[in-house]
1. Would you mind checking which residues have amide H under 5 Å from L55's amide H? H placed 1.01 Å from N; only 5 or more apart, or other chain.
2. List every residue whose amide H lies under 5 Å from the amide H of L226, counting only residues 5 or more places away in sequence or on a different chain, with H placed 1.01 Å from N in the peptide plane.
3. Would you mind telling me the antiparallel percentage of the DSSP bridges in region 2-253, rounded to 5?
4. Given the options E112, E181, E88, which has the most mean-square fluctuation in a GNM of the chain, springs set between C-alpha atoms less than 10 angstrom apart?
5. Once each part is reduced to its C-alpha centroid, what is the distance from region 80-100 to region 1-52 in angstrom?
6. Could you identify which residue out of A231, A167, A137 has the top mean-square fluctuation in a GNM of the chain using Cα springs shorter than 10 Å?
7. Under 19 Å Cα-Cα from K44, which aspartates and glutamates qualify once same-chain neighbours fewer than 8 residues away are excluded?
8. Over region 2-253, what relative contact order in percent results from Cα pairs under 8 Å that are six or more residues apart?
Amino acid sequence: MIRLANVRAGYATPTGFVGAVDGVSLTIGDSEILGIAGESGCGKSTLIKVIYGQLGGALSLRGGTVEATFRDPASGRVTVTPAERLRELWWKQISYIPQGSMSVLNPVARIETQMVDGLPDAARARGRQALRAEIEAFLAEVKLPASVLDAYPHQLSGGMRQRVLVAMAAFFNPRLILADEPTTALDVVVQKHILLLLVAVQRRQRNALVIVSHDLGVHYQITDRLAIAYAGKIVEVGPTRALFERPRHPYTAALIDALPRLGDRTPRQGIEGRPPDLADPPTGCRFAPRCSKAQDVCRRESPDLLDRAPGHAAACHFA
Ligand SMILES: Nc1ncnc2c1ncn2[C@@H]1O[C@H](COP(=O)(O)OP(=O)(O)OP(=O)(O)O)[C@@H](O)[C@H]1O
Ligand code: SF4
Ligand SMILES: [Mg+2]
């Protein structure tokens, strides 16, 4: 279980602080599939980095808490790990498939070397041959041929490379897999294979899976719960089907409304305008300039939301 409470995080830049995650509270259940959606630049990848504990460099936590609570299946012992120590769980309890991860693979090393080198020392101590056998058995379960281990990344297709990354992330039976846009840039058929693979792994290992995608269709197909990110905030979170059927936040409703529908040739309107600059976010509701309810319903019923003081965690009256 992961718990985020009022987390604020962002990047120090020469021109000031970019508050990419601003007042986010969220939980991730032990064996659920949580989706995160929202437009480009709304802070999805930053949120994933915070959950992974990949802080440092320009990215820092400025407030709130992040906590991972896992039960060791063997001993039954429960450990609680705070943000600054999440690194200790990498490749043991938590694994991460970063956005644009195709380029994560080292072009001059064979896949086997990369898989083995990524493992913790304790695993490597079992010996190369024993490990190779274990990895081959695991690859067979996720329907990847053992021959990929002898290949260099350039000898594999994009879809194959992404499958290898999923296998690498899942091999150690982690309690949580974080996948940031795992299917973007792949064709639809390959996308489907990768998603089915992620879901198969999640079902088999009963781990938690967080998938970031701007593609709502992906979330509809596979996630249990969906969180909608807008301008550094999570504006709505709930069971995926319910959220599609009864979106509460006007941003969620607009995203769903912009989806093309099978058999309907009417061109769909995107959402006009763009999210605000997170280096200088507006006060009050961040969606107000684009919200169809802002000037009538909202101004009439909850003007305080539109005009609140800086720093408040904007909650839409309707969400
Ligand atoms: N290394 C960085 N230094 C400074 N600002 C950054 C850095 N990385 C991201 N940002 C800024 O933080 C904000 C959130 O970025 P983030 O990558 O988390 O968004 P995102 O929702 O994942 O977008 P996308 O859908 O395009 O991947 C943006 O304003 C972005 O410009
Ligand atoms: S607070 Fe008002 S302006 Fe903001 S999203 Fe809700 S209805 Fe729209
Ligand atoms: Mg991103």
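1. Counting only residues 5 or more places away or on other chains, the set is empty.
2. Residues meeting the criterion, in which the H sits 1.01 Å from N, are G35, G238, T240.
3. Here the share of antiparallel DSSP bridges comes out near 60 percent.
4. Sorting by GNM fluctuation, first place goes to E88.
5. First find each Cα centre; the distance between them is then 14 Å.
6. Most flexible of the set in this elastic network: A137.
7. Straight-line reach from K44, under 19 Å: D22, E32, E67, D180, E181, D215, D224, E236, D277, D280.
8. That works out to 27 percent.
FYI, it's all coordinate maths here, none of it is from the lab. What you see is a predicted model, and the numbers here were worked out from it, not measured in a lab. Don't worry about glycine lacking a Cβ; one is built from the backbone with ideal geometry, like all the others, and counts go over all protein chains shown.
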